[in-house]
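Written below as structure tokens is the structure these notes are about.
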Amino acid sequence: MFGDHPKDAELKATWDAFCDKLKESSDLVFRDTTPASEIDRAKGLRLLARNISLGLQFNLDNCDADFPEIMHYFDPIRKQGGDNTDAYYSGAPINGKNTYRVTGKRGTARFFAITVLENGNTPWGGGVTGNLIDSDVLVDKEGNFEVTVSPEPDPGNRGNWIQTTPNAWRITFRQFFADWENEEPMKARIDRINELEHDPMLSAADVARGLGGAADWVRSSTAYWAGMLDKWKTQPNTFLSYGQLEDNKIDFTPGGAPLISYWFLPRDEAIVVRVRPPEADYWAVEFGNYWWETMDYRNRLSNTNCHYAHMEDDGELILVIAHEDTGHPNWLDPSGHEEGYVTVRWIGADHYPVPAATQMKLQDLDTYLPKGGKRLTRAERKEQIAERRRGVLNRFGF
């Protein structure tokens with residue numbers, strides 16, 4: 001019973017403090033800038049709950065840089081920070097003074113990047129200290145690769161090396177899938193090169209540090225991203241990059257800084273986004289809510305990309321945001337929200353065009369759009385959503 005061990009009081013206080021910090025996190029959902037709608041406030045609480053597991057992994061379960069494991073960050077039910085609908089994000093803790101070897105099979109995702117970032121002044125660390133992007137990652141005929149991550153070059157690995165700094169603390173893998181159903185994800189592992197034996201012991205101090213760090217991270221990370229998106233909120237229907245609004249260094253996709261626009265949409269209006277995509281290795285359109293979470297991309301139409309997009313005959317991309325299905329092939333479904341964000345990103349492009357957004361009454365939509373534009377039947381729309389769900393199963397396994 002309680003008191004049988006001299007650390008019982010300390011352990012119970014640790015748990016109580018963890019729960020109290022999580023309770024305090026709910027203040028974020030009810031601050032002045034949060035939309036006063038049931039769906040946005042409900043999803044704010046869900047956001048906090050969803051990210052507890054990630055905070056625990058970062059601070060308690062996979063925080064040992066001597067014995068790191070590659071874990072996934074986001075998926076259809078755990079999101080934050082403008083997660084790319086096409087992505088599989090994963091990573092592991094490292095210590096910049098150690099040497100690591102990453103081995104595995106690259107997979108066939110359209111875009112692939114490995115980045116090492118330093119600790120910093122955001123919940124996701126600071127700037128990138130080194131990376132290997134797409135074709136920089138040398139693979140054999142079967143798609144296998146080996147990457148050394150270390151302060152000094154590995155004489156046994158002549159190709160794939162990322163140099164670390166003493167402050168390096170995390171390695172991140174980004175896989176962006178264009179054809180969700182047919183591109184295969186990476187399979188890989190990370191090992192620190194040492195002769196240490198894993199210590200299975202867990203102390204009261206370890207738990208206090210881990211639970212406290214997890215609760216702090218849940219609060220700070222969700223507040224950070226909501227606060228960031230508030231900056232776009234002041235300039236609706238204007239596409240701006242992260243760097244135009246924020247000086248903090250952050251680990252965003254190398255060579256693919258997103259262009260983001262905030263939208264407010266009454267039920268009787270529509271927003272049309274128009275742009276001619278460049279020649280690019282990969283490009284995508286992402287769509288999400290106030291909390292900088294993507295919409296439910298398993299069951300709602302909330303994205304397009306260089307594989308799925310229906311282009312006009314002249315090469316223009318036309319996106320239609322509306323609460324009702326307008327029949328346009330690149331319709332983005334607000335999924336019950338009356339405000340949120342839309343993002344475009346061009347990676348490896350020959351130029352970087354900025355989309356234009358125009359808002360109008362829904363009844364004026366057909367007058368505004370080019371005559372003879374493409375439309376989908378109800379059956380085609382149903383299949384469009386079904387293929388997304390099949391692709392999610394291929395990528396995540398659930």
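For residue 364, the conditions (1) out of contact with any strand residue (DSSP E or B) (no Cβ under 7 Å at 6 or more places or on another chain); (2) surrounded by 15 or more Cβ atoms within 10 Å (Cβ to Cβ) all hold with the exception of (2). For the stretch 142-194, filtered to residues that are among the charged types (D, E, K, R) and farther than 30 Å from residue 397 by Cα, the residue that is modelled with the highest pLDDT is 152. Would you confirm whether any residue within the stretch 104-112 is buried (at least 18 other Cβ atoms within 10 Å of the Cβ), under 16 Å from the mean Cα position of the chain (by Cα) and outside any loop (DSSP other than H, G, I, E, B)? Looking for residues that are buried (at least 18 other Cβ atoms within 10 Å of the Cβ), under 16 Å from the mean Cα position of the chain (by Cα) and outside any loop (DSSP other than H, G, I, E, B), one finds at least one in the stretch 104-112, hence yes. Reported count of residues in the stretch 55-95, each being of a type in the set (A, V, I, L, M), under 22 Å from residue 112 (Cβ atoms) and over 12 Å from the mean Cα position of the chain (by Cα), is 4. Of the candidates 290, 308, 297, 262, the single residue that is outside any loop (DSSP other than H, G, I, E, B) and under 21 Å from residue 335 (Cα atoms) is 262.
When the stretch 318-352 is filtered for residues that are touching a Lys or Arg at 6+ places or on another chain (Cβ under 7 Å) and either buried (at least 21 other Cβ atoms within 10 Å of the Cβ) or not β-branched (Val, Ile, Thr) (or both), the ones remaining, listed by number, are 323, 325, 327, 328, 329, 333, 335. Of the candidates 86, 134, the single residue that is within 18 Å of residue 297 (Cα to Cα) and in contact (Cβ under 8 Å) with a residue 60 or more places away in the chain is 86.
The values are calculated or read from the model by the stated rules, or taken from the named source; none is laboratory data. Just so it is clear, the structure is predicted and the values come from calculations on it, not from any experiment. Cβ coordinates were reconstructed from backbone atoms using ideal geometry, including for glycine residues, and neighbour counts include every protein chain displayed.
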